[in-house]
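The values are calculated or read from the model by the stated rules, or taken from the named source; none is laboratory data. No experiment lies behind these values; they were computed from the predicted model shown. Here the Cβ is made from the backbone with ideal geometry for all residues, glycine too, and neighbour counts use every protein chain on show. Heads up: the accessible areas ignore ligands, DNA and RNA and are worked out on the full protein's heavy atoms, side chains in. Shrake-Rupley method; radii C 1.70, N 1.55, O 1.52, S 1.80 Å.
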Amino acid sequence: MIFSKKKITTAYTLEKCTKCQTLTKRKFNVSDILFAEAPNCSSCDGLTRIEKIFGETVEL
Ligand SMILES: [Zn+2]
């Protein structure tokens, strides 16, 4: 019997509010550009920027 593992990599975008430093992690969108402006912060309505784009690998 062959035991195989499957890996799936999902890309995420981390947005950071420049005012209250709140970090928001969401799924990566193809239009996302590093350090680009993101929609306003949900808690303080401050300016939010894309801080990081990264991938997470999950073994199934
Ligand atoms: Zn904020």
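So the values come out like this:
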item: Pair list, Cβ under 8 Å, 6 or more apart: region 8-20 residue over 16 Å from Asn40 (Cβ atoms), other residue part of a loop (DSSP other than H, G, I, E, B); result: Ile8/Leu60; Thr10/Phe28; Ala11/Phe28; Tyr12/Phe28
item: Search result, residues across region 1-23 that are in contact with a Ser or Thr (Cβ under 9 Å, 6 or more places away or on another chain), of a type in the set (Val, Ile, Thr) and closer than 24 Å to Glu59 by Cα; result: Ile8, Thr9, Thr10, Thr13
item: Considering residues of region 15-37 that are of a type in the set (Ser, Thr, Tyr) and within 13 Å of the ligand (Cβ to nearest atom) only, the residue most open to solvent (accessible area, probe 1.4 Å); result: Thr18
item: Of the criteria (1) in contact with a Lys or Arg (Cβ under 7 Å, 6 or more places away or on another chain); (2) within 14 Å of the ligand (Cβ to nearest atom), which one Tyr12 fails; result: (2)
item: Residue match in region 43-59 (condition: assigned to a loop (DSSP other than H, G, I, E, B), in contact with a Ser or Thr (Cβ under 9 Å, 6 or more places away or on another chain) and open to solvent by 80 Å² or more (accessible area, probe 1.4 Å)); result: yes
